[in-house]
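Contents: one structure, followed by commentary.
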Amino acid sequence: MERKLVPVKLDSYKPLREIVFESLREAIISGVLEPGERLMEIQLADEMGVSRTPVREAIRKLELEGFVVMIPRKGAYVAGVSDKDVADVFEIRSALEGLAAGLAAERITDEEIEQMERMVLYRNGEEVNLDKIVEVDTDFHALVYKASRNERLIQILANLREQIQRFRATSLAYPGRLKDAVEEHQGIMEALVNHNVEEAQNLAIAHIVTAENVMFEALRKTKAVSSNENDKQGKAKE
């Protein structure tokens, strides 16, 4: 394993095991730790500057959340993303996002609309790196959730957050997707400004369905590249 992680900061109020868990989870979501990669406790502990115990505890928790799989007699590996995983998450998300947008169209405040406009204009007018793009995209959707004024709905979406984040970076990094996503956000925002419930719902659902299609296309290309590399390696060994 190449050196990929950075030492964790120990000046946080959080327990060390929680800091290590969040650092490893973020590394998986961002792709620093790739699907199928083996997680070696000693190496991870050395890279992060901690003992093996919090790493072991973090890996167990990541397994419970579906980010890690344990293979008997082999160890812990970063869980892959299957087509079923993607379909399940986006199926739930499209329904919840549509509901949130519809409620937001009824309940959004002028202050929230101004905040949302700044997000859309910022993304549409400046070049930013992928991390910033993902951050602003996350903030845009979080503001829609907040404007729904439904705490139960917001909590359910919060529980899905990490699964959504894992797909968000892949989708937004796909060629041409960022421009389309900005335009889709603009449409959703206009529906919210006009307090058009039905249009806000429909545009939010369409936005998520498009993101799902892009995600599947990205996965297909990744699998095709991986297959070609494996074929080349196999021929080289012959």
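The values are calculated or read from the model by the stated rules, or taken from the named source; none is laboratory data. Quick caveat: nothing in here was measured; it's all calculated off a predicted structure. Note: ideal-geometry Cβ built from the backbone for every residue, glycine included; neighbour counts use all protein chains shown. Note: areas computed on protein heavy atoms with side chains; ligands, DNA, RNA excluded. Shrake-Rupley method; radii C 1.70, N 1.55, O 1.52, S 1.80 Å.
For the reader, a short list of remarks on this structure follows.
- A compact globular protein would have a Cα radius of gyration near 2.2 N^0.38 Å; the ratio found for segment 109-202 is 1.08.
- Remark on residue 68: its backbone amide H falls under 5 Å from those of 63, 79, a criterion applied only to residues 5 or more positions apart or on other chains, H modelled at 1.01 Å from N.
- Distant-in-sequence amide H partners of residue 39 (H built 1.01 Å from N, under 5 Å): 76, 77, 78
- 3J(HN,Hα) from dihedral phi, segment 188-195, Karplus parametrisation 6.51/-1.76/1.60, rounded to Hz, x for glycine, proline: 4, 4, 5, 5, 5, 4, 7, 6
- Estimated translational diffusion coefficient (Stokes-Einstein, Kirkwood radius over Cα pairs, 20 °C, 1.002 mPa s) of the chain: 109 µm² per second.
- Over segment 1-135, the Kirkwood radius and the radius of gyration, each from Cα atoms, give a ratio Rg/Rh of 1.07.
- Value at 222 nm in deg cm²/dmol, rounded to 500, when DSSP H runs of n ≥ 4 in the chain each add -39,500 (n - 2.57): -25000 deg cm²/dmol
- Each listed q (0.14, 0.24, 0.25 Å⁻¹) maps to a log10 I(q)/I(0) for segment 48-89, found by the Debye formula over equal Cα scatterers with no solvent: -0.40, -0.87, -0.90.
- Accessible solvent surface per residue of the chain, calculated while the other protein chains remain in place, 1.4 angstrom probe, Å²: 57 Å²
- Whole-Hz Karplus values for segment 137-150 come out as 4, 4, 5, 4, 5, 4, 5, 4, 4, 4, 5, 5, 6, 10 Hz, taken residue by residue from phi with 6.51 cos²θ - 1.76 cosθ + 1.60 and θ = phi - 60°; glycine and proline positions read x.
- Loop-located chymotrypsin sites (Phe, Trp or Tyr not before Pro) in segment 1-81 whose Cβ has at most 10 other Cβ within 10 Å (DSSP): 13
- Partner aspartates and glutamates whose Cα lies under 18 Å from the Cα of residue 9, excluding those fewer than 8 positions away in the same chain, are identified as 18, 22, 26, 46, 47, 57.
- Reach of residue 84 by Cα under 12 Å, taken over aspartates and glutamates that are not fewer than 8 positions away in the same chain: 212
- Carbon and sulfur %, accessible surface of the chain computed with the full protein complex present, 1.4 Å: 50 percent
- On Cα atoms only, tilt of 16-29 relative to the major axis of the chain in degrees: 70 degrees
- 0 to 90° range, to nearest 10: angle between helix 151-173 axis and the chain longest Cα axis: 70 degrees
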